[in-house]
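Below you'll find the structure, written out as structure tokens, and then a few comments.
Every number in this text was worked out from the coordinates using simple rules, so none of it is lab data. These numbers come from a predicted model, not from an experiment. Glycine gets a Cβ as well: all are built from the backbone with ideal geometry, and neighbour counts include every protein chain shown.
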Amino acid sequence: MKWHRLAKLLFEGAMLKRLERTGYAYLGTGKENIAAHSFGVVLAAAILAKLVPQVDETKLLKMAFLHDLLEARTGDLNSVNKLYDQINEEAAAQDAFSELPWKEEWLALYKEYREGKTLEAKLVHDADQLDLMVMLKEQHDLGNPYARRWMIYAQRRFKTEMGKKLAEAITETDWASWWLDQFVSRHENS
């Protein structure tokens with residue numbers, strides 16, 4: 001085992017904690033680093049895995065974890081950037097996974113995600129959109145007038161029925177209700 005190579009991979013992953021997602025500049029409010037977004041995607045993927053019993057849960061979670069790992073090398077291109085900029089994802093993946101004993105597995109998972117044809121890839125795509133919807137709903141509830149328009153656009157990109165249903169629930173749920181409803185209820189009954 002090449003322990004120093006594994007240490008470098010951990011440092012590369014840690015870079016995602018410092019790299020900001022770039023789309024928020026166009027929204028006008030909010031900010032988030034890539035690692036925080038990746039956590040939200042993995043959480044959404046774990047939920048979707050429980051709702052779709054025929055899915056390979058391990059594969060789904062690995063794919064969700066890997067979906068933005070290369071952004072430590074490529075950066076986060078938002079929708080406007082993607083109109084003009086191109087990145088060499090294949091080269092980034094080859095370099096990021098080089099010398100890892102599981103290189104071929106991670107390359108295959110990343111390729112499968114990008115092709116978007118399998119159930120797992122579609123669910124990870126939806127998990128990515130669900131995390132975006134959560135952040136947009138938060139911004140909407142806090143008063144950003146553009147967040148609703150972005151949510152409508154994001155809702156069109158869902159690939160699975162479960163993703164669509166969960167996205168709809170997000171749009172109908174107040175962002176603070178997970179704690180506020182319980183807090184108010186407890187204090188009303190006191």
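For the chain, the longest principal axis of the alpha carbon atoms and the long axis of helix 103-115 meet at an angle near 50°. Which residue, Phe39, Phe11, Phe97, has the most motion in a Gaussian network model of the chain that connects Cα atoms within less than 10 Å? In the Gaussian network model the winner is Phe11. Each of Trp175, Trp150 was scored by other Cβ atoms within 10 Å of its Cβ. Arranged with the fewest first, they read Trp175, Trp150. The order of Met162, Met135, Met1, going from fewest to most other C-beta atoms within 10 Å of their C-beta, is Met1, Met162, Met135. Considering the chain, its Cα convex hull presents a mean projected area of 13.2 nm².
The fewest-to-most ranking of Glu99, Glu115, Glu57 by surrounding Cβ atoms within 10 Å reads Glu115, Glu99, Glu57. Only DSSP H runs of four or more residues enter the estimate; each adds -39500 (n - 2.57), and after division by the residues of the chain the mean residue ellipticity at 222 nm equals -21000 deg cm²/dmol. What does the charge add up to near Thr22, with Lys and Arg as +1, Asp and Glu as -1, over the other residues with Cβ less than 14 Å from its Cβ? Net of charged neighbours comes to -2. For Lys8, go through the lysines and keep the ones whose alpha-carbon is under 22 Å away, minus same-chain ones fewer than eight residues off. Filter leaves Lys17, Lys62, Lys103. On a 0 to 90 degree scale, rounded to 10, what angle separates helix 119-141 from the longest Cα axis of the chain? Its long axis makes an angle of about 40 degrees.
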